[in-house]
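In what follows, a single structure is set out as structure tokens and then discussed.
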């Protein structure tokens, strides 16, 4: 017999260690066969095997009806003496709701640890009860706040309000203050959805851990963090005059929010029992929990923001909040962006009819002043005189423009050009150098300077400016000017190479070098900047 | 027991991420929105200058006169040769459309919002014997994001 049990234990342990759905694990069929072979000694198996193995035995066995119920009840009864492991609870979830209700819930009536553990396990397994059942549970025994929270998890959410109404009618019919307090607390917990997760029941030291003989199981590492157990102290039996409830092990959310609470803060030193008459509070009992200083567990320093709102809404808070934030910022930004403060300023009498002193050129993004625009008008007029080769008149207008706006570089270059055409090369060269110092990238200026230096027989300076102009402009005019200069300066090969290069770029034109002895005559229209 | 809820740290991290995402997104919208606005205004100004220059080429030489800065507002401006009427859908006065709030509300609002104006800077040079040339600077001004913008173009019109 022992060998059979050992063999079954070995196979069941192997089954537990395999991954996947229980019924689809490879060892499941072997375990089932083993369970069938142990059927004749089922009662012994349930009592002698480890709780988890016994549970697997029952899951794999083919018992039905009352025998299965009695075996389950026996197993659950034994298991509820201590807090079952996560693996055990997971295995329990394999049983139907009906089986759990029939064989587990009866233990909830029991006072003491078994009742608390059964309530906790039922909450973990999401067992739900009919509305009428709760009044019997509440009447059956004393309820600690934790047990009440766990019990509230057995309420179907859609029946919460109906249950509260039902219990409300039930309260006045009872003389027991303890029961009335229990019911009131329970109603409060249900009505406000205080419980979100099953809470570990308040147990003595030895009852919080699985039996030491239990084999190592993978599921145990997944056990939720357990609070420090209270000192071993059996729960006192309920009495009409001096009800006693054990101290809560952990702080629930209601405490964190400072709301009327099922378990009030724990004083540093308290007698082991507190008369129920000390409970007070309008509509909400204020139960002082007896607990020694050694038993008192300091509240964990948590930054959790406890919001007493339904879970579904709370989960939506962050995304909804962020969305609202984005929308609000978007609306504010859009309002600001598309508002038109200029409309107000443009229609105000103070600015109407008065030109601004400065604009921003939409093309160059440079500032344009009214003075520059006035100078530009003279410059344009000077340009008109240039079209008729009236250099003296044009020069006067360009100088007028420069007087109004010395930074008008185009007028400066044009004035130099006019002076060059009028024979004042010295002054012209000075003006061109000034223009280049202001903007080295001005086109045509180097060309004019080259011509001036060429006329002064300063070939080196002329070549420098011709090359600079060709480098800047890289156009046909500057290229031909440079090529002709090189040809006249005795650099025929370089001149020919340059002509060939230009010819390649301008195949539609026939380019030839000017005769060496001829003057470099320049048409006015082709070399203007 | 697993405690569900949002911790302060989680909220701060979420907000930090949101801000990090939001800032570039906002600036992206801002930049692109401003670019669209600039581009629209620039195109509109260039279109106005083109319309004026075409009218200048066609109108009598002596009618080309200076329109000094700050210029004429295009909205609700008195009748001028360039923009009022801006269009005529018929052969009679019944189809005439002017840039007014009643005739062309959308265009009118746009011009009011951006304060579009035009000015003409005319330089007249006579070379004798009826040979005259006018150099005309067409200046379109408007306001954009608090700045005074200007678009300039030039045309030469000969009397001959």
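Only the coordinates and a few stated rules stand behind these numbers; no lab work does. Given the structure is predicted, the values throughout are model-derived calculations rather than measurements. FYI the Cβ positions are ideal-geometry reconstructions off the backbone, even for glycines, and counts take in every protein chain you see.
Cβ crowding within 10 Å ranks A:366, A:433, A:451 as A:366, A:433, A:451, fewest other Cβ atoms first. Once the Cα atoms are used to define both axes, helix B:105-114 deviates from the longest principal axis of chain B by about 80 degrees. Extension gain for residue A:66-residue A:98 works out to 10.2 nm (0.36 nm per residue, less the C-alpha to C-alpha distance). A Förster distance of 22 Å, applied to the separation of the beta-carbon atoms of residue B:50 and residue B:109, puts the FRET efficiency at 0.45. Find the relative contact order for chain B and round it to a whole percent, using C-alpha pairs within less than 8 Å whose residues are 6+ positions apart. Worked out over chain B, it gives 19 percent. Averaging the sequence gap over all C-alpha pairs within less than 8 Å and six or more residues apart, then dividing by the number of residues, gives segment A:128-207 a relative contact order of 43 percent. With respect to chain B, whose longest principal axis is taken over its alpha-carbon atoms, helix B:8-58 is tilted by about 10°. Shown here: segment A:128-207, whose C-alpha atoms stretch 40, 29, 19 Å along the first, second and third principal axes, sorted largest to smallest. Using a cutoff of 8 angstrom between alpha carbon atoms and counting only pairs six or more residues apart, the relative contact order for segment A:365-496 works out to 13 percent. If you take the alpha carbon atoms of segment A:385-505 and fit the smallest convex hull around them, that volume is 103 Å³ per residue.
Averaged over the residues of B:135-147, the number of partner chain Cβ atoms lying within 10 Å of the residue Cβ comes to 4. Ranked by how many other Cβ atoms sit within 10 Å of their own Cβ, fewest first, the residues A:458, A:376, A:86 fall in the order A:458, A:86, A:376.
Peptide B:115-125 shows a mean partner chain C-beta count of 4 within 10 Å per residue C-beta. Comparing B:49, B:129, B:145 in a Gaussian network model of chain B, where Cα atoms under 10 Å apart are tied by springs, the biggest mean-square fluctuation is seen for B:129.
Listed from fewest to most Cβ neighbours within 10 Å, the set A:164, A:418 follows the order A:164, A:418.
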